[in-house]
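Notes to accompany the following structure.
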Amino acid sequence: MKVAVFSTESYDRHFLDLSNLSAGNNHQFVYYENRLEPKSGSLAKGSQAICAFVNDDLGAETLKILAEQGIKLITLRCTGFNNVDLAEASKLGIKVLRVSSYSPYSVAEHAVGLILMLNRKLYRAYNRVRDDNFSLAGLLGFDLHGKICGVIGTGKIGLCFAKIMSGFGCNVLGYDTQPNSKFTELANATYVELEELLSRSDIISLHCPLLPQTYHLINKDTIALMKPGVMLINTSRGALVDTLATIEGIKSHRIGYLGIDVYEEEEELFFRDWTGKIIQDDIFQLLQSFHNVVITAHQAFFTENALNDITKTTIENLTDFEKGNPLINEVSVK
Ligand code: NAD
């Protein structure tokens, strides 16, 4: 099948080509670096399917343009599908398939990486030692052992994260609208209501999807419930967090550490090199300026293992659609 692949980088092309080759080279990829949005939708002309990523715009306007080009299938190279207007896709007869699971360790381990980076101030220590400054002043951390770690969303990634934190000797509090018995089997792990998790945790990590119900889950009111000096980690989706409320939380010292891999206005920024250019997003620049904030640019998924899983499933999704097999990774309006 001919597939227009949007938002591609060299690594996407490398892993997709490898997975395609090992599955018999049945699909023909046309690679575009462009982000998919209404103005780039016509690039899909001549393809039967498109392949998109987290920050591609699959709103109603783009979907209509894709349908006009004859697109019948959207394959997402990610688990989240918050960027797709599923009702519109269904109306237009376009199927939407995703990668429903891939190495959950990639994201869970990155979240732990952010915690250690903040807690032990590794980002400051690294630069300091390179400057031949071996003073420890300002680098004081705390033991994770015995701390209370709250996990919001205990699905594949949240469970994996909870296991690691339980291994550190943390007491793990979980909140999920669909509790999972595997979570309660972990040492020192219990489910509590959201308010209790927010008010008792020393560290809070977000692992739930972005849905209308979870938009700005972390806001002025929920931040007010948190322990002073709390560490907040978001490797899930930017819009789970109200950035302005978080900035206020940092300024009032309620939030003592912030580690994020996602940002609610990341579409225009992430996955691009802005070196030497002027970033116009004042809120992002303000966030960057705090000494207790660490930002990575949506790289939590970025391991060899995860990219192998993602591209292998993407190829399987294309082949299932082409052969009329059951579409096990289909997402549709509930
Ligand atoms: P999953 O579906 O296995 O788990 C999500 C969990 O969240 C489920 O247990 C679900 O019941 C729970 N949930 C749903 N609504 C909730 C709510 N209102 N409150 C609390 N919990 C709720 O998904 P996953 O594979 O663990 O992925 C989780 C999220 O991680 C994805 O939705 C995606 O946004 C994000 N993600 C980020 C990256 C990255 O590179 N930064 C990569 C992959 C996934």
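The values are calculated or read from the model by the stated rules, or taken from the named source; none is laboratory data. None of these values were measured; they are calculated from a predicted model. Cβ coordinates were reconstructed from backbone atoms using ideal geometry, including for glycine residues, and neighbour counts include every protein chain displayed. Only protein heavy atoms, including side chains, enter the accessible area calculation; ligands, DNA and RNA are left aside. Shrake-Rupley method; radii C 1.70, N 1.55, O 1.52, S 1.80 Å.
Roughly how many percent of the accessible protein surface of the chain is carbon and sulfur, given a 1.4 Å probe and a whole-percent answer? Mind dumping the intermediate values first?
On the way: 8330 of 16090 Å².
Whole-percent figure for carbon plus sulfur exposure: 52.
At 1.4 Å probe size, with every protein chain present, just tell me what the per residue accessible area of the stretch 104-295 comes to in Å². Don't skip to the end; give the middle numbers.
Numbers: 9650 Å² over 192 residues.
Value returned for the stretch 104-295: 50 Å² of accessible area per residue.
State the cysteines of the chain left without a partner when partners are defined as other cysteines whose beta carbon lies under 4.7 Å away.
Isolated Cys, the chain: Cys51, Cys78, Cys160, Cys208.
Using DSSP, restrict attention to beta bridges with both residues in the chain and report what percent are antiparallel, rounded to the nearest 5. It would help to have the intermediate numbers written out before the result.
Working: 1 of 41 bridges.
Among the beta bridges of the chain, antiparallel pairing accounts for roughly 0 percent.
Filter Lys95/Lys323; Lys163/Lys220; Lys2/Lys72; Lys156/Lys227 down to the pairs with a C-alpha to C-alpha distance above 19 Å, please.
On the way: Lys95/Lys323 14 Å; Lys163/Lys220 30 Å; Lys2/Lys72 12 Å; Lys156/Lys227 27 Å.
Cα-Cα > 19 Å for Lys163/Lys220; Lys156/Lys227; rest within.
Ordering Asp85, Asp131 by how much accessible area each has at a 1.4 Å probe, largest first, what is the list? List each step's numbers first, then the result.
Values: Asp85 55, Asp131 120 Å².
Sorted by accessible area, descending: Asp131, Asp85.
Show the residues, 5+ positions off or on another chain, whose built amide H is closer than 5 Å to the amide H of Ile255.
Gly229, Ile250
Tell me, what are the semi-axes, in whole angstrom and largest first, of the equivalent ellipsoid of the stretch 104-295 as set by the roots of 5 times the Cα gyration tensor eigenvalues? Before the final figure, lay out the partial values.
Values: eigenvalues 137, 87, 50 Å².
They are 26, 21, 16 Å, listed largest first.
Which of these, Gly238, Gly229, Gly276, has the largest mean-square fluctuation under a Gaussian network model of the chain (Cα springs below 10 Å)?
Gly276
Quick one: what are the phi-derived ³J(HN,Hα) couplings along the stretch 31-45, Karplus 6.51/-1.76/1.60 with θ = phi - 60°, whole Hz, x for glycine and proline?
With the stated coefficients, the stretch 31-45 comes to 8, 10, 7, 4, 6, 7, 7, x, 6, 9, x, 5, 5, 6, 3 Hz.
Putting +1 on Lys and Arg Cβ atoms and -1 on Asp and Glu Cβ atoms, find which of Val293, Gly70, Cys170 reaches farthest to the positive end of the dipole of the chain.
Cys170
With +1 on the Cβ of every Lys and Arg and -1 on the Cβ of every Asp and Glu, and nothing else charged, how large is the dipole of the stretch 104-295 about its Cα centre, in debye rounded to the nearest 20?
It comes to approximately 620 debye.
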